[in-house]
Amino acid sequence: MAGPRARQAILLGGLLCSLSAHAALSDTIHPFVGGNYSYDSNLFRVDDNGRDTVESDRIRQTFAGVEVERTFGRQRFSGSARVSRVSFDRFSMLDYTGKDANGTLYWQLGNHLDGTLGGTYSSTLTSFTDYQGTERNLRVQRSEFVDGGWRFHPSWRVRARLSNDKYEFDAPSQRYLNRKDKASEVGLDYLGVTGSTIGLQVRRVTGDYLTPQTFGPFVFDPSYTQDEVKLKVFWKFSEQHQLQFLGGRVRRGHESQTLRDSNGTNGRVTDTWNVTPAVSLVSALWREYTPFEGSTASYALNKGASIDGKWALSAKIQATGQLRYVERDFAGFVNPVAVAPEDKSHVVSLGLNYSPRQNLVLSASVNRDQRKSDTTFSRSYKSNGASFSASIEF
């Protein structure tokens, strides 16, 4: 029979093993919970010039989820899953349960081959920004992707990527927006000794709309093929300042109604600057073709600018702000009697984050969203909002 010291050693060893296992679990799996309470002065994004009734609401959200980080030799997996319950005080018919999940495997073979393999899933309420209705319309997005690169020379790398995206809408009136997007790209990059890169990439995107639109006796298929040739640049001025650019020529063609075809210059430039250890700025300019999830038009040419800022007021308090301007030209109209219109949007937001503990975050924010439109299917509106949220990670 073991003596007291032996029993103490066994108990101590068991405790240390338990703590070690708990630490390993904590390093890999991170559960979290939280909640959000927000106010929206114009939930359905209607025109406030007297023709429509502006409806406000208060929204409550509770959520729980888990984040996973795991390394297997030279491979690494990162993923998360989250379930949210969203309730509206006035418009309870919009209540829903949101689901989000994502996972990415960062793989590496030897010293010269690497890439990613993964997927995402999201189920959430469609924004009323472009959806002109009041019924609940859940939007489900599924994505899968794989990419890889081969550094065949210290200064050169070739890469390729394949991706599939599927979008489904719950409301019967919006199911004509259901579509599948498939994209493939290849590129060649020159790698500078300072960490900067410059390269060229070609990309093809095919969009297949599953339910053609009808306007009286007319049937239109918004399915498209988009070909891109772009210059890709990552310029590293310093550890605190980097510039990214992706731009070039894009040609967009359609299965039917070729008058909607378009071609021209598309691009996006993003500047990331840590001005001081406490202040950081991210600014962007873009001109891109994007899908339009409303009626009459299938896509728009977006031209915009944004700036996001963060300011660490102390070790536990951070202020945030955003300015955003977007102008959309609806070149992709599908209604035969529609005239190509445009709209302009401005978004301003300010926020404050407080972390009394490393795993606890309290946040408050206010925002203003305004749009001016010269068309009947993209409405002018003004909306003011505020929110408070709290989250804790275990």
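Determine which single condition THR116 fails, assuming it passes every other condition in (1) of a type in the set (Val, Ile, Thr); (2) within 30 Å of TYR381 (Cα to Cα); (3) free of Cβ contacts under 8 Å to residues at least 60 places away in the same chain.
(2)
Suppose we keep only residues that are touching a Leu at 6+ places or on another chain (Cβ under 9 Å) and assigned to a loop (DSSP other than H, G, I, E, B) within segment 308-341. Which one would you say is modelled with the highest pLDDT?
Top of the filtered list is LEU313.
Results for (1) in a loop (DSSP other than H, G, I, E, B); (2) surrounded by 15 or more Cβ atoms within 10 Å (Cβ to Cβ), shown as yes or no for each residue.
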site	(1), (2)
PHE44	yes, yes
ASP47	yes, yes
VAL54	yes, yes
GLN61	no, yes
GLY65	no, yes
VAL68	no, no
ARG76	no, yes
ALA81	no, yes
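Let's see how each residue does on (1) within 26 Å of ARG159 (Cβ to Cβ); (2) touching a Phe, Trp or Tyr at 6+ places or on another chain (Cβ under 7 Å):
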residue	(1), (2)
ARG74	yes, no
ARG90	no, no
GLY98	no, no
LEU117	yes, yes
SER123	no, no
LEU138	no, yes
GLU144	yes, no
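State whether one or more residues within segment 287-301 are part of a strand (DSSP E or B), over 24 Å from LYS180 (Cα atoms) and modelled with pLDDT of 95 or more. Explain how you work it out, then say what you get.
Filtering segment 287-301 for residues part of a strand (DSSP E or B) gives 287-291, 297, 299-301.
Restricting the remaining residues to those that are over 24 Å from LYS180 (Cα atoms) gives none.
Scanning segment 287-301 turns up no residue that is part of a strand (DSSP E or B), over 24 Å from LYS180 (Cα atoms) and modelled with pLDDT of 95 or more.
In segment 160-219, what count of residues is obtained for those that are charged (D, E, K, R) and either within 30 Å of ARG136 (Cα to Cα) or touching a Phe, Trp or Tyr at 6+ places or on another chain (Cβ under 6 Å) (or both)? Talk me through it step by step, then tell me what you get.
Step one: list which residues in segment 160-219 are charged (D, E, K, R), which gives 161, 165-166, 168, 170, 175, 179-182, 185, 189, 203-204, 208.
From the residues that got through so far, the ones that are either within 30 Å of ARG136 (Cα to Cα) or touching a Phe, Trp or Tyr at 6+ places or on another chain (Cβ under 6 Å) (or both) too are 165-166, 168, 170, 175, 179-182, 208.
Selection size over segment 160-219: 10.
With the condition being loosely packed, with under 15 Cβ neighbours inside 10 Å and aromatic (Phe, Trp, Tyr), I'd like the strands (runs of 3 or more DSSP E) fully within segment 155-259 carrying at least 1 qualifying residues. If you could, list the steps in order and put the result at the bottom.
Details: elements: 156-169, 179-191, 197-209, 213-215, 218-220, 224-238, 241-254.
It comes to 156-169, 179-191, 213-215, 218-220, 224-238.
Could you list, ordered by first residue, the pairs with Cβ atoms under 6 Å in which the first is in segment 185-206 and acidic (Asp, Glu) and the second is surrounded by 15 or more Cβ atoms within 10 Å (Cβ to Cβ), at least 6 apart or interchain?
Cβ pairs passing all conditions: GLU185/ARG161; GLU185/GLN201; GLU185/ARG203; ASP189/ARG157; ASP189/THR197; ASP189/GLY199.
Looking only at segment 260-286, how many residues end up being of a type outside the set (D, E, K, R), in a strand (DSSP E or B) and touching a Leu at 6+ places or on another chain (Cβ under 7 Å)? Reasoning before the result, please.
Restricting attention to segment 260-286, the residues satisfying the condition of being of a type outside the set (D, E, K, R) are 262-267, 269-270, 272-286.
Still in the list and also in a strand (DSSP E or B): 262-267, 269-270, 272-274, 279-286.
Next, from what is left, pick out any that are touching a Leu at 6+ places or on another chain (Cβ under 7 Å): 267, 269, 273.
So the count comes out to 3.
The values are calculated or read from the model by the stated rules, or taken from the named source; none is laboratory data. These figures come from a predicted structure and were not determined experimentally. Note that we place each Cβ from the backbone using ideal geometry, even for glycine, and neighbour counts take in every protein chain shown.
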